[in-house]
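One structure below.
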Amino acid sequence: ITLDACGGKKGSGYDRELMNFLRQNNIPATLFMTSLWIDANRELAAELSRDPLFEIENHGYRHKPASVNGSVIYGRRGTGTPGDLFDEIELNALKIQSLTGRRPVFYRPGTAYFDDVAVKISYELSHIPMNFSVISGDAAGFSAERIERRILSQVKPGSVIIAHMNQPGKRLYPAMKRSLIKLKADGYRFVKLSEYKDKLK
């Protein structure tokens, strides 16, 4: 399970019900945080970084798509040059390292978009470019029932689910609660990305 914390005017909330559910059920998750979200939620970010159930990874300094020519993805303009992309990755890596005591291993840009050069730069900065295989649909405002159906119909062994921990009230919590309990009953085990990175494609 990967949960993004995007930050900004409409993206700096915190889905406490969802995170408490994960803790109560001992379900680990990888949390992709931007500098924007960390700055708006310093105490929460520090608290989450101390919880061994979670790991904090790099979602970019300003939540920009990872491009070298300013490509616009879902209405968001990406990084405009290789240097801009370098700053987007590295400045947030330094912030997360200061927060957690460890350098992040994975990088997921805003909108999860990479161009080919951005993938190469990510690796050069010792980050594994990270996308997903199951999109929950919470960011699109789908109903809890639809999110649950999407997760249960798409998950298979090795899947990487993407959802957002920064949008309370977006119907994600009830959908995740039902679907993850069903998946556990079916024998699925949840891990942090770092525990599975050697098997990622």
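Between SER153, SER67, SER122, the GNM of the chain built on Cα springs shorter than 10 angstrom shows SER153 fluctuating the most.
Tally up the carbon and sulfur contribution to the accessible surface of segment 1-114 as a whole percent, 1.4 Å probe, everything protein left in place.
Carbon and sulfur atoms account for 50 percent of the accessible area of segment 1-114.
Per the Debye formula on identical point scatterers at the alpha carbon atoms of segment 1-68, with no solvent, log10 I(q)/I(0) at q = 0.13, 0.15, 0.16, 0.21 Å⁻¹ is -0.35, -0.46, -0.52, -0.86. Peptides 181-191, 106-116, 49-59 ranked from most to least packed, by the mean per-residue count of other Cβ atoms within 10 Å: 106-116, 49-59, 181-191.
Heavy-atom accessible area per residue, the chain, 1.4 Å probe: how many Å²? Let's see the in-between values first.
Working: 9690 Å² over 201 residues.
Normalised by residue count, the accessible surface of the chain is 48 Å².
Between VAL160 and SER133, VAL134, the built amide H atoms are under 5 Å apart, and every one of these is 5 or more places off in sequence or on another chain.
Distances between placed amide hydrogens fall under 5 Å for SER71 paired with GLY78, all partners being 5 or more residues away or on another chain. Each Cα pair under 8 Å and six or more residues apart adds its sequence gap; the mean of these over the residue count of segment 59-191 is a relative contact order of 19 percent.
Could you pull out every whole DSSP H run in the chain that spans at least 24 Å of Cα extent along its own axis and averages 0.0 or higher on the Kyte-Doolittle scale? Intermediate results must be reported in sequence, preceding the final value.
Details: long enough: 82-100 (27 Å, 0.02).
Helices meeting the span and hydropathy rule in the chain are 82-100.
Could you give the alpha-carbon Rg of segment 133-201 over 2.2 N^0.38 Å, rounded to two decimals? Don't jump to the answer; show the numbers that get you there.
Values: Rg = 12.1 Å, N = 69, 2.2 N^0.38 = 11.0 Å.
Segment 133-201 yields a ratio of 1.10.
Once the chain is represented by equal point scatterers at the alpha-carbon sites, with solvent omitted, what log10 I(q)/I(0) does the Debye formula produce at q = 0.19 Å⁻¹? Per q value, in the given order, log10 I(q)/I(0) is -1.43.
The values are calculated or read from the model by the stated rules, or taken from the named source; none is laboratory data. Just so it is clear, the model here is predicted, and its values are computed rather than measured. Quick reminder, even Gly has a Cβ in these numbers, built from the backbone with ideal geometry, and neighbours come from all protein chains shown. Note: accessible area is taken over every heavy atom of the protein model, side chains too, but ligands, DNA and RNA are not part of it. Shrake-Rupley method; radii C 1.70, N 1.55, O 1.52, S 1.80 Å.
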